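Enquirer: Pasting a structure here, questions to come.
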Amino acid sequence: MRDKWNTIVLAAVVTIFALSLIRYPQQSLEASIRGLNMWWEVVFPSLLPFFIVSELLIGVGVVRLLGVLLEPLMRPLFNVPGVGGFVWAMGMASGYPSGAKLTARLYQEKQLSLIEAERLSTFTNSSNPLFIFGAVSIGFFHNPHLGIIFALSHYIGNVLVGIMMRFHRTREEKKRPQTKPYTFSVRSAFHALHETRLKNRQPLGKLLGDAIRSSVQTLLMIGGFIILFSVINKLLYLIHATQYIAQLLQHAFSLFQLPKELGIPFISGIFEITLGSQMISEVNEASLLQKAVVTSFILSFGGFSVQAQVASILSEANIRFRPFFVARILHGMFSAFFTYVLWAPLYVRTHPVNETKGAVPTFLVKQAPLWLHECFQLLSKYGPLVTLLSLCVYIMLLNKKAVWKK
């Protein structure tokens, strides 16, 4: 009976979505172009190098070496193998959904158990510093000082999530045979590196080609989700579903002393973090602290667009998505809490400006470190060229692979 209801609900949702596309074709096209531009200019060129380098590091065995060296840190803190340290670092540097891709890759390489992969995926997917500082704090809020609070609350919350999720399914692990206690050894680390390279005796050209092909395939999937959820977000607003949901959240917002005007931007951010962050920054009825708290939550929650990308990547490796979803809610709550706690010592005392409007004097902006913002601008300018060239290389590799099969 439950399966039948699920089928009915799914069919109804898809039908409403199709009818909405027919009813609002122009707005759907604009939303689709907006999502495409975001993927074309920023997401693809910023994630592609990280994906390719990660694949190469796994292929040549460097990740195995790092795993042995980082075991004393990752095992007691997060209850995952040392290779999780590599995934954690790359996830923070490159942002969503790199942690999920690398976790799935290491699980397929049998360097992680299923339970360890579920744990690792919960705290290795986060927003990257370029997006937090360049796009959100400077691009949307026009306030570089907010980036420090956003970043600290975001990454501190991520660490707490990892510590909490270390207890995930521990009872099932106790039933398994105990492994030998770990002893730190640099020699063992290089031995693991050599063993991995011997098992994978592919030439560098083959490794590079496979890395590019796998990375572009993942990024094409990510682009599809970004465009889809950009359209869904717009359609929900046009059919007034966002407004109705926002009205239901008014009581929860009043409980936390948040103005109701943040409701619609919050719902938009739950679906897509970029649009939600921009809309929150434009709400004049809320104080800067209130806007910062809500923005921190949606940055950590990730939005359904990011979660759909992660779910697709994890499902290909048969890794459960539910732990990741629960962790995102916890991460959002932790980040919002730490934004509130850090506000007075890190912002009010050091930058006593008009809190309501969130404006800063022009001379302070010039003195602020804006190299992340400059990187973001360069990425937006030359990103499409990188995307186009990468897609050309991807097509050439696919054709070459098809010729080899013949």
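Enquirer: Nearest 0.05, what FRET efficiency do E173 and S315 give at R0 = 25 Å with Cβ-Cβ as r?
Expert: 0.65
Enquirer: Here's another thing I want to ask about it. Once the piece of chain linking V159 and L228 is laid out straight, how much longer is it, given 0.36 nm per residue of separation minus the C-alpha distance between them?
Expert: Result: 21.8 nm gained on full extension.
Enquirer: When the chain is fully extended, how far beyond the present Cα-Cα distance does T350 get from Y244, taking 0.36 nm per residue of separation?
Expert: Length gained, T350 through Y244: 34.2 nm.
Enquirer: Give the relative contact order (percent, whole number) for segment 1-92; include only Cα pairs under 8 Å separated by 6+ residues.
Expert: Averaging sequence separation for qualifying contacts and normalising by length gives 15 percent for segment 1-92.
Enquirer: Can you tell me the relative contact order of the chain? Whole percent, Cα pairs under 8 Å, sequence separation 6 or more.
Expert: 25
Enquirer: Placing unit charges on C-beta atoms (Lys and Arg positive, Asp and Glu negative, everything else neutral), compute the dipole magnitude of the chain about its Cα centre in debye, rounded to 20.
Expert: So the dipole magnitude of the chain works out to roughly 1460 debye.
Enquirer: At L114 and V13, where each label point lies 7 Å from the Cα along Cα→Cβ, what is the point-to-point distance in nanometres?
Expert: Each label point lies 7 Å from its Cα, and together they span 2.5 nm.
Enquirer: Follow-up question, since we're still on this one. Place +1 on the Cβ of every Lys and Arg and -1 on the Cβ of every Asp and Glu in segment 112-177, take the dipole about the Cα centre, and give the residue among S126, G162, P144 whose Cα lies farthest towards its positive end.
Expert: Going by the charge dipole, the pick is G162.
Enquirer: Set the Förster radius R0 to 51 Å, insert the Cβ-Cβ distance between K400 and N284 as r into 1/(1 + (r/R0)^6), and round the FRET efficiency to 0.05.
Expert: According to the calculation, E is roughly 0.35.
Enquirer: Ranked by accessible surface with a 1.4 Å probe, highest first, in what order do D210, D3 come?
Expert: Descending order: D3, D210.
Enquirer: Taking the Cα centroid of segment 308-329 and of segment 99-118, what is the distance between the two, rounded to the nearest whole Å?
Expert: Answer, in whole Å: 12.
Enquirer: Order H168, H154, most accessible first, counting only protein heavy atoms with a 1.4 angstrom probe.
Expert: H168, H154
Enquirer: What accessible surface, in Å², does a 1.4 Å probe find on F167, ignoring ligands, DNA and RNA and rounding to the nearest 10?
Expert: 130
Enquirer: Please tell me which of these pairs span more than 25 angstrom C-alpha to C-alpha: K234/K291; K260/K381; K101/K199?
Expert: The answer is K260/K381.
Enquirer: Using a Gaussian network model of the chain whose springs link C-alpha atoms within less than 10 Å, name the residue from V386, V13, V306 with the highest mean-square fluctuation.
Expert: Maximum among the listed residues: V13.
Enquirer: Still on this structure, please answer the following. Given Cα positions, please report Rg to Rh for the chain, the hydrodynamic radius being the Kirkwood one.
Expert: That ratio is 0.98, to two decimals.
Enquirer: Report the accessible area of T350, computed with a 1.4 Å probe over the heavy atoms of all protein chains in place, in Å² rounded to the nearest 10.
Expert: Answer for T350: close to 80 Å² accessible.
Enquirer: Would you compute, from DSSP H runs of 4+ residues alone, the mean residue ellipticity of the chain at 222 nm, taking -39500 (n - 2.57) per run and dividing by the full residue count, rounded to the nearest 500?
Expert: -24000 deg cm²/dmol
Enquirer: Measure nothing but the geometry: give the 0 to 90° angle between the long axis through the Cα atoms of 186-199 and the longest principal axis through the Cα atoms of the chain, rounded to 10°.
Expert: 80
Enquirer: Lys/Arg Cβ at +1, Asp/Glu Cβ at -1, dipole of segment 1-98 taken about the Cα centre: which of F50, F17, V83 is farthest positive-ward?
Expert: F17
Enquirer: Among K381, K101, what's the order by accessible area (1.4 angstrom probe), most exposed first?
Expert: Accessible-area ranking of K381, K101, largest first: K381, K101.
Enquirer: With label points built 7 Å along Cα→Cβ from the Cα atoms of L21 and L208, find their separation and express it in nm.
Expert: Rounded to a tenth, the inter-label distance reads 4.0 nm.
Enquirer: For the chain, the longest stretch holding no GluC sites (Glu not before Pro) located in a DSSP loop with at most 16 other Cβ atoms within 10 Å is which?
Expert: The longest uninterrupted stretch comes out as 110-281.
Enquirer: Quick one: Karplus J couplings for segment 223-234, per residue in order, coefficients 6.51, -1.76, 1.60, θ = phi - 60°, nearest Hz, x for Gly and Pro?
Expert: Those phi angles translate into x, x, 5, 4, 5, 4, 6, 5, 5, 4, 4, 5 Hz.
Enquirer: For segment 1-49, what is the accessible area per residue in Å² when the probe is 1.4 Å?
Expert: 70
Enquirer: Additional query: At a Förster distance of 51 Å, what's the computed FRET efficiency of I33 paired with H191, Cβ-Cβ distance as r, to 0.05?
Expert: 0.45
The values are calculated or read from the model by the stated rules, or taken from the named source; none is laboratory data. No experiment lies behind these values; they were computed from the predicted model shown. Cβ atoms come from the backbone with ideal geometry, glycine included; neighbour counts cover every protein chain shown. Calculation scope for accessible area: heavy atoms of the full protein, side chains included, ligands and nucleic acids excluded. Shrake-Rupley method; radii C 1.70, N 1.55, O 1.52, S 1.80 Å.
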